[in-house]
Amino acid sequence: MATDTSDDEQNQPTTKSKIKHRRRRTTFVVYQLVELEMAFSYCRCPTNRERCELARRLDLTERLVRIWFFNRRQKWLKDNIIGYFNANPINPNRYYPQDAA
């Protein structure tokens, strides 16, 4: 006869190697953010060499710099593209004029 165990007990990891830890969010120092923003204003998509140089200068990994630029480009698109459509809503009558009665 099978023993009755709860779902919680069955889903518990049995060893420490199975436990997954969430990665902590990276917090940038003010001078790093200033440098990254200046680099972004110069070029929104830096080359691999520029990213590596920036990472070395700011004491960050190249991966962190790459992810920061990706996220910053997404923010820029959201602010500029979506912001444009919010400021200039599409008028359906412009494309589908009402029949004159």
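A few comments on the model shown:
- Packing-based exposure ordering (other Cβ within 10 Å, fewest first) of PHE28, PHE70: PHE70, PHE28
- Taking LEU58, LEU64 and counting other C-beta atoms within 10 Å, the order from fewest to most: LEU64, LEU58
- Loop sites in segment 15-70: trypsin sites (Lys or Arg not before Pro), DSSP, at most 13 other Cβ within 10 Å: LYS20, ARG22, ARG23, ARG24, ARG25, ARG44
- Of the residues ALA55, VAL29, PHE70, the one whose Cα sits farthest towards the positive end of the charge dipole of segment 28-86 is PHE70 (charges of +1 on Lys and Arg Cβ, -1 on Asp and Glu Cβ, taken about the Cα centre).
- Computed from the Cβ-Cβ distance with R0 of 35 Å, the FRET efficiency linking ARG66 to ASN88 stands at 0.60.
- Here the spin labels are modelled as points 7 Å beyond Cα on the Cα-Cβ line, and at ILE19 and LYS78 they lie 3.3 nm apart.
Here, each number is a calculation from the coordinates, and none is a lab measurement. Worth saying up front: this structure is predicted, and the values here are computed from it rather than measured. Neighbour counts run over all protein chains shown; Cβ positions are idealised from the backbone, glycine included.
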